[in-house]
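Report on the following structure.
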């Protein structure tokens with residue numbers, strides 16, 4: 001009986017070793033973030049219906065903020081807050097309600113960040129909408145990241161500013177931090193968007209994990225179409241993951 005049991009154990013061990021040898025360890029890692037949900041933007045439904053995990057950035061205090069967050073969560077996507085922040089160029093009116101601007105007091109900034117977090121159900125992280133001016137401001141970003149730490153959120157720097165202070169302050173405060181690597185649609189033409197979507201596999205050769213940001217809204221339909229057309233190639237070459245899966249285990253989400 002012991003001999004038979006030993007043979008079974010050896011056969012099982014051999015099977016597991018062969019299975020492990022067949023695991024494809026060459027795949028890269030890709031996280032796709034989609035901004036500008038929350039205001040019934042073009043492409044919303046089709047984007048959330050894509051058969052891959054997405055990280056969905058939702059603007060607070062908008063007409064469909066709660067609906068989009070609940071729908072995204074129900075479909076297995078990850079929700080983060082897309083906090084509107086003042087840019088170097090553009091009108092404040094483009095930002096929407098609850099925006100973080102450089103003329104606000106410390107108390108008002110904290111109040112608005114906390115209100116945004118409360119307004120977006122299921123949020124586990126945050127990035128910024130526009131924000132090129134604010135993300136270079138140490139006073140403001142320290143408050144934003146302090147609130148993120150208190151609420152247990154990670155932060156994604158969309159990299160809309162050349163001199164972002166977010167990496168420095170996030171490191172000081174031990175806030176889990178990630179950086180965008182590319183945009184699908186920083187140019188609006190469908191040709192450019194499809195080109196960006198198709199070169200992701202090439203970019204993965206030089207960088208993994210890779211974080212790519214697209215949008216619903218003006219470019220929404222094209223971004224959906226471009227991602228959908230490239231899903232087979234993405235899945236062939238990479239594991240598509242939620243953004244929080246890229247945070248090292250040594251940096252806990254509180």
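The values are calculated or read from the model by the stated rules, or taken from the named source; none is laboratory data. Because the structure is a prediction, the values reported are computed rather than measured. Don't worry about glycine lacking a Cβ; one is built from the backbone with ideal geometry, like all the others, and counts go over all protein chains shown.
Quick notes on this one:
- Hey, residue 123 touching a strand residue (DSSP E or B) at 6+ places or on another chain (Cβ under 8 Å), surrounded by 18 or more Cβ atoms within 10 Å (Cβ to Cβ) and free of Cβ contacts under 8 Å to residues at least 40 places away in the same chain or not: no
- Within segment 219-253, considering residues that are outside any helix (DSSP H, G or I) and modelled with pLDDT of 95 or more, the one farthest from residue 154 (Cα to Cα): 219
- Residue 170 being touching a helix residue (DSSP H, G or I) at 6+ places or on another chain (Cβ under 8 Å), assigned to a helix (DSSP H, G or I) and touching a residue at least 24 places away in the same chain (Cβ under 8 Å): yes
- Boolean, residue 98 is on the phi > 0 side of the Ramachandran plot and modelled with pLDDT under 95: no
- Of all residues in segment 74-91, those being surrounded by 17 or more Cβ atoms within 10 Å (Cβ to Cβ), without any contact (Cβ under 8 Å) to a residue 60 or more places away in the chain and not in a loop (DSSP other than H, G, I, E, B) number 4.
- Sole residue being touching a helix residue (DSSP H, G or I) at 6+ places or on another chain (Cβ under 6 Å) and at pLDDT 95 or above, chosen from 81, 32: 81
- Pick from segment 41-59, criterion within 14 Å of the chain's Cα centre (by Cα) and assigned to a loop (DSSP other than H, G, I, E, B), ranking: nearest to residue 126 (Cα to Cα): 59
- Qualifying residue in segment 180-192 (condition: part of a loop (DSSP other than H, G, I, E, B), in contact with a helix residue (DSSP H, G or I) (Cβ under 6 Å, 6 or more places away or on another chain) and touching a residue at least 40 places away in the same chain (Cβ under 8 Å)): yes
- Residue list for segment 119-142, restricted to those being assigned to a helix (DSSP H, G or I) and within 21 Å of the chain's Cα centre (by Cα): 119, 134, 135, 136, 141, 142
- The residue list 174, 189, 198, 208 contains one member that is loosely packed, with under 13 Cβ neighbours inside 10 Å and more than 17 Å from residue 126 (Cβ to Cβ), which is 189.
- Here is the figure for segment 103-113: residues that are assigned to a loop (DSSP other than H, G, I, E, B) and in contact with a strand residue (DSSP E or B) (Cβ under 9 Å, 6 or more places away or on another chain) total 0.
- The single condition from (1) free of Cβ contacts under 8 Å to residues at least 40 places away in the same chain; (2) part of a helix (DSSP H, G or I); (3) within 21 Å of the chain's Cα centre (by Cα) that residue 116 fails is (1).
- Some residue of segment 40-48 being in contact with a helix residue (DSSP H, G or I) (Cβ under 7 Å, 6 or more places away or on another chain), crowded, with 23+ Cβ neighbours inside 10 Å and touching a residue at least 60 places away in the same chain (Cβ under 8 Å): yes
- Whether a residue is at pLDDT below 95, touching a helix residue (DSSP H, G or I) at 6+ places or on another chain (Cβ under 8 Å), part of a loop (DSSP other than H, G, I, E, B) and surrounded by fewer than 21 Cβ atoms within 10 Å (Cβ to Cβ) was assessed, and residue 159 does not pass this test.
- The lone exception for residue 61 - which of (1) surrounded by fewer than 20 Cβ atoms within 10 Å (Cβ to Cβ); (2) within 30 Å of residue 236 (Cα to Cα); (3) in contact with a helix residue (DSSP H, G or I) (Cβ under 8 Å, 6 or more places away or on another chain) it fails: (2)
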